[in-house]
Amino acid sequence: MSKKEESIKDKKIDWEVIEGKLQKDLTANRYRHTLGVTYTACALAMVHGEDINRARLAGLLHDCAKCIPNAEKVRMCKNEHIDATEFEIEHPVLLHAKLGAHLAKKKYNVTDVEILSAIRWHTTGCPRMSLLEKIVFISDYIEPNRDKAPNLASIRQMAFEDIDQAMYMILRDTVAYLSANPKAMDQTTLGAYEYYKNLAYEKAEQE
């Protein structure tokens, strides 16, 4: 039996309960964004062969810690022994990903390690991401409510054609944006960019 089958076999997910909790924990705008990410993640899962329920659950919970005040995020990470870098402490908005994975496990009873990992990496990305991790990362960027990032139309199309190329395009534009203020650049994001840039170049050379 595969890891995917083990993680979802015979497990009934009460979507209504999860959505009800999220509506209480998130602002109206954040909940609207969450539904957009969930919708997009399910669509990408259908195209790329990921389990739709895993994508749906990861999409729903990816921002479950987003609306916790920043000072409280830092406090909770310390109290729950969640490893936080000095950069994350200085930029506590980034902590919602790690804290979200923790809450998904403790509050929402998620045991699937790939879903937890997809929540963990949905903001910064990282090298060698799993399919589910890439789906949630990309969905967070391209969901229908997003309208400010550059090149959205081409990235949205690419996400359904070549998911690794879409990763590169998103990270390229993210790094270009953050380069205006290098102190805001997380090294994990830079590492993810270098990995997917090299992957894109290698693929281009083989064609």
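The values are calculated or read from the model by the stated rules, or taken from the named source; none is laboratory data. Treat the numbers as computed from the prediction; the structure is a model and nothing was measured. All Cβ positions, even for glycine, are placed from backbone atoms using ideal geometry, and neighbour counts span all protein chains on display.
Worth a mention:
- In the stretch 59-86, of all residues being among the aliphatic types (A, V, I, L, M) and assigned to a loop (DSSP other than H, G, I, E, B), the one that is modelled with the lowest pLDDT corresponds to A84.
- In the stretch 87-107, the residues that are buried (at least 19 other Cβ atoms within 10 Å of the Cβ) and either modelled with pLDDT of 95 or more or touching a His at 6+ places or on another chain (Cβ under 6 Å) (or both): L95, H96, A97, K98, L99, G100, A101, H102, L103, A104
- Count of the stretch 168-194 residues, restricted to those that are in contact with a helix residue (DSSP H, G or I) (Cβ under 6 Å, 6 or more places away or on another chain) and part of a helix (DSSP H, G or I), is 9.
- Taken over the stretch 126-150, the criterion of being among the charged types (D, E, K, R) and either modelled with pLDDT under 95 or under 16 Å from K98 (Cα atoms) (or both) is satisfied by E133, D140, D147, K148.
Condition check ((1) free of Cβ contacts under 8 Å to residues at least 24 places away in the same chain; (2) surrounded by fewer than 20 Cβ atoms within 10 Å (Cβ to Cβ)) across all residues:
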| site | (1), (2) |
| --- | --- |
| P127 | no, yes |
| L132 | no, no |
| D173 | no, yes |
| E205 | yes, yes |
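- Pick from the stretch 178-192, criterion under 18 Å from Y141 (Cβ atoms) and touching a residue at least 24 places away in the same chain (Cβ under 8 Å), ranking: surrounded by the fewest Cβ atoms within 10 Å (Cβ to Cβ): A184
- Residues of the stretch 4-43 that are of a type in the set (A, V, I, L, M, F, W, C) and either modelled with pLDDT under 95 or assigned to a helix (DSSP H, G or I) (or both): I8, I13, W15, V17, I18, L22, A28, L35, V37, A41, C42, A43.
- Considered as a group, the residues in the stretch 160-201 that are modelled with pLDDT of 95 or more, under 28 Å from A84 (Cβ atoms) and acidic (D, E) include one that is farthest from the chain's Cα centre (by Cα), and that residue is E194.
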